[in-house]
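Comments concern the structure below.
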Amino acid sequence: MHGCVFDVRDEAGRDAALAALPPAFSEIDLLINNAGLALGTNGADQSDVDQWKTMIDTNVTALVSLTHKLLPGLIGRRGAIINLSSVAGS
């Protein structure tokens, strides 16, 4: 197993991290999406919409983008995807 750490919202950084994988790990057959961000502690009616956008960009859009990029290889290798999530809020 080889882990990568990068800002999932930064597609160029993501692509650089994937390109820098050692050859033994470049053919990914297991993707573990573990991105989660919770901002603000106010109720929805008092929340900052920019914080919501940042959370959606991190927790949804980036996850879909990374999965889409790796999906052809995962399908070809009969790989798997594990999406981790958490519960945040009140």
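Couple of notes before you dig in:
- Between region 37-70 and region 1-31, the Cα center-to-center distance that results, in Å: 21
- Relative contact order for the chain: 38 percent, from Cα pairs under 8 Å spaced at least 6 residues apart, divided by residue count.
- When the alpha carbon gyration tensor of the chain is reduced to an equivalent ellipsoid, the three semi-axes, largest first, read 29, 13, 11 Å.
- Fewest-first sequence of ILE28, ILE56 by Cβ atoms within 10 Å of each Cβ: ILE56, ILE28
- Considering helices alone, the calculated mean residue ellipticity of the chain at 222 nm is -10500 deg cm²/dmol, with DSSP H runs of length four and up weighted by -39500 (n - 2.57) and normalised per residue.
- Sorted peptide list for 65-76, 13-24, criterion being average Cβ within 10 angstrom, highest first: 65-76, 13-24
Each value in this text was obtained by applying a stated rule to the coordinates, not by laboratory testing. Note that the structure is a prediction, hence the values are computed from the model and not measured. We place every Cβ from the backbone using ideal geometry, glycine too, and count neighbours over all the protein chains shown.
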